[in-house]
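Okay, structure first, notes after.
The values are calculated or read from the model by the stated rules, or taken from the named source; none is laboratory data. Remember, it's a predicted structure, so these values are computed and weren't measured experimentally. Backbone-built Cβ (ideal geometry, glycine too); neighbour counts: all protein chains shown. All accessible areas refer to the heavy atoms of the entire protein, side chains included, with ligands and DNA or RNA removed. Shrake-Rupley method; radii C 1.70, N 1.55, O 1.52, S 1.80 Å.
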Amino acid sequence: MPITTGRSYLAIPGPSVSPERVLNAMHRTAPNIYEGEIVDMVRELIPDLLRVAETRQNVAIYIANGHGAWEAANCNMFSRGDRALLAATGRFGHGWAEWLQRVGVAVDIIDFGKASPADPQRIADALRADTGHDIKAVLVTHVDTASSARNDIPAIRAAIDSTGHPALLAVDAIASLGCDELRMDDWGIDVLVGASQKGLMLPPGLGFIWFSEKALEVSQRADLATPYWDWKPRGTGTEFWQYFGGTAPTHHLWGLRESLTMILDEEGLPQVWERHRRLASAVWAAFDAWGQGTNIALNVADPASRGWSVTSATIPGGGAGALRRWLEAEAGVTLGIGLGMALPAEPAYQDFLRVGHMGHVNMHMTLGVLATMEAGMQALGIAHGPGALEAAAGAVAG
Ligand SMILES: *Cc1c(COP(=O)(O)O)cnc(C)c1O
């Protein structure tokens with residue numbers, strides 16, 4: 001008999017669980033968008049939005065999802081016919097490349113596969129070969145949400161700098177912002193892409209681009225920038241409506257105010273990162289134990305190259321799909337599908353799943369998911385190594 005009464009849990013890698021406080025902050029009628037409270041609130045919100053990315057430069061807010069934020073980044077960096085270099089470490093890297101190709105930018109893709117981080121040396125080699133400096137930007141996904149591989153952004157920055165190549169460094173941090181350590185200015189990131197529904201704990205609906213002074217300079221000549229996506233008035237405008245290219249996303253902004261207060265002023269960004277690291281290490285410990293004597297395995301072998309907000313793993317023989325369905329039907333827990341590892345029509349598609357542990361998550365939520373997965377494996381007769389829950393508890397305790 002299913003045991004689904006009680007609070008269900010969406011443990012997918014975005015949208016993440018929104019705190020009641022964030023939802024309650026949004027639960028009001030729309031304000032005057034021309035003057036008064038919302039205008040004053042946003043003036044104070046912008047510095048906090050810069051803080052959460054560890055930057056003192058610029059930020060633009062869009063009514064958009066992550067794909068819209070990609071398009072904003074693309075349109076402001078490039079002109080039609082330009083070239084980009086993209087280091088792909090999973091499905092989301094390829095997705096960004098496709099979005100860029102469709103607006104007329106030629107993309108050189110270095111494919112690092114579906115389970116490993118980018119090798120900075122190969123990025124440097126590609127830039128050295130570009131003696132005419134045709135490549136305008138290097139694009140990388142910080143944590144690819146499909147593979148859960150995490151790239152070493154400072155090492156990639158150092159590799160770019162070692163070549164003397166002037167390309168911008170653009171980073172998709174949609175899955176990592178507010179979860180993994182991320183320091184835009186210290187790490188020399190020129191363009192940082194984010195969205196509201198992952199580490200920032202809001203419903204989907206806001207896209208963010210943080211951009212450096214150097215990126216702002218480049219964008220003065222980018223002929224792909226259309227009026228809505230142009231980041232200049234949003235990032236540097238003086239009139240309130242210019243920040244949003246029209247009506248402000250008033251309710252999301254109230255929610256964002258609440259989530260930034262929780263992240264920056266109450267918990268503190270370093271503590272938020274540390275919480276995610278510990279919860280991720282519990283998930284990894286459980287999978288390592290389940291994998292003893294079986295083919296259950298984490299997707300990314302090296303712990304240093306795993307994101308802290310999402311874990312991609314395999315349970316072969318269709319076990320992942322069966323376990324996902326069992327958890328949803330019998331226990332009220334929804335895990336993420338395996339994305340980009342196999343096509344939905346292929347049998348191997350059922351061999352992968354993802355556990356989301358991003359945003360408003362704590363020990364009992366993540367340990368609860370792992371214990372529920374253990375129950376599902378027992379119920380379904382999926383062979384698994386012993387001691388996963390003890391290992392997970394030990395990892396999170398230590
Ligand atoms: C979720 C995600 C996206 C896509 O965001 P949408 O809001 O679904 O458009 C892009 N990149 C990464 C790394 C993501 O995690």
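One table, with the values for the structure above:
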quantity	calculated
Sparse-neighbourhood loop sites, GluC sites (Glu not before Pro) in region 203-259 - DSSP loop, at most 12 other Cβ within 10 angstrom	GLU239
Cα-based radius of gyration of the chain once divided by 2.2 N^0.38 Å, which approximates compact folds	0.99
Lys/Arg +1, Asp/Glu -1 at C-beta; the chain dipole; positive extreme among TRP241, SER16, LEU168	SER16
Charge-dipole axis of region 142-267 as Lys and Arg at +1 and Asp and Glu at -1 on Cβ define it, positive-most pick from LEU264, PRO203, LEU224	LEU224
Relative contact order (%) - criterion: Cα under 8 Å, at least six apart; region: region 56-211	29
C-alpha center-to-center spacing [region 21-55, region 200-275] in angstrom	11
Coil-residue trypsin sites (Lys or Arg not before Pro) of region 214-273, DSSP, other Cβ within 10 Å capped at 11	ARG221
15 Å beta-carbon shell around ASP351, net charge (K/R +1, D/E -1)	+3
Reachable lysines from LYS136, criterion Cα separation under 19 angstrom, eight or more residues apart if same chain	LYS214, LYS232
Over the chain: helical MRE at 222 nm, DSSP H runs n ≥ 4 each giving -39500 (n - 2.57), nearest 500	-11500 deg cm²/dmol
For region 293-383, size of Cβ-based charge dipole, Lys and Arg +1, Asp and Glu -1, in debye	100
Diffusion coefficient, µm² s⁻¹, Stokes-Einstein with Kirkwood Rh over alpha-carbon pairs of region 173-276 at 10 °C and 1.306 mPa s	105
Per residue value of the accessible surface for the chain (all protein chains in place, 1.4 Å probe), Å²	39
Candidates LEU343, LEU256, LEU367: whichever shows maximal mean-square fluctuation once the chain is modelled as a Gaussian network with Cα springs under 10 Å	LEU343
GluC sites (Glu not before Pro) restricted to region 8-38 and DSSP loop, no more than 16 other C-beta within 10 Å	GLU35
Positive-end extreme of charge dipole, region 1-62 - chosen from MET1, GLY36, MET26 (charges on Cβ)	MET1
Alpha-carbon Rg/Rh ratio, for region 268-397, with Rh computed the Kirkwood way	0.95
Rel. contact order, % - alpha carbon contacts under 8 angstrom, at least six apart, the chain	23
Global form of region 92-155, assessed from the alpha-carbon gyration tensor, a/c cut-off 1.5	oblate
Stokes-Einstein D in µm²/s, Kirkwood radius over Cα pairs - region 51-185 at 10 °C with 1.306 mPa s viscosity	106
